Amino acid sequence: RLKLVESGGGSVQVGGSLRLSCVASGELFNSYSMGWFRQVSGQEREGVAVVDADGHSTYANSATGRFSISRDNDKKVVFLQMNNLKPEDTAMYYCAAGPFYATYEDVRNFDDWGQGTQVTVSS
C-alpha cells in the first residue's frame with residue numbers, strides 16, 4: 001500500500017490555473033493506477049482524472065479539455081494541471097491509488113487515499 005500526500009490547492013478566480021501534486025511513498029508505485037477525485041461536503045466523491053499503470057488517462061466530462069493528469073514514476077509523483085477553472089470545480093481534491101487498470105469511474109476500487117487539498121474558485 002502507498003502513503004499519499006497532496007499539495008498545491010488554494011483559492012483562485014474564475015479562469016485561473018492550479019497544479020496539484022501528490023507524492024507517494026511505498027512499494028510498487030509503477031503498478032498502480034493513480035487518480036484525482038473531488039468531493040463537496042454532503043455529496044458523493046467523484047472521479048476527475050485517472051492515469052493507469054500503462055500510462056493511459058481518462059477524464060470526467062467536466063474535466064476534459066481543461067485538466068491534465070500526469071505521473072513521474074521515478075519520483076513517485078502524480079500531478080493534476082487544472083486550467084480555466086470554474087466555480088463548480090470548488091471541492092476537496094484527493095489523490096488515490098487503485099488497481100493496475102482503472103478509469104475515473106472506478107472510485108470504489110481505489111484503496112489508498114491522501115488527506116486532500118482544498119480548491120476554491122470564486123467569481
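Nothing in this text is a laboratory measurement; each read-out follows from the coordinates by a stated rule. Given the structure is predicted, the values throughout are model-derived calculations rather than measurements. Positions of Cβ are backbone-derived with ideal geometry, glycine not excepted, and every protein chain shown enters the neighbour counts.
Report the chymotrypsin sites (Phe, Trp or Tyr not before Pro) located in segment 46-123 that are in a DSSP loop and have at most 14 other Cβ atoms inside 10 Å of their Cβ, or state none.
For chymotrypsin sites (Phe, Trp or Tyr not before Pro) across segment 46-123 that sit outside H, G, I, E and B with at most 14 neighbouring Cβ atoms in 10 Å, the list reads PHE100, TYR101.
So between THR64 and ASP112, what do we pick up on full extension, going 0.36 nm a residue minus the alpha carbon distance?
Numbers: separation 48, 0.36 × 48 = 17.28 nm, distance 2.45 nm.
So the chain would gain 14.8 nm between THR64 and ASP112.
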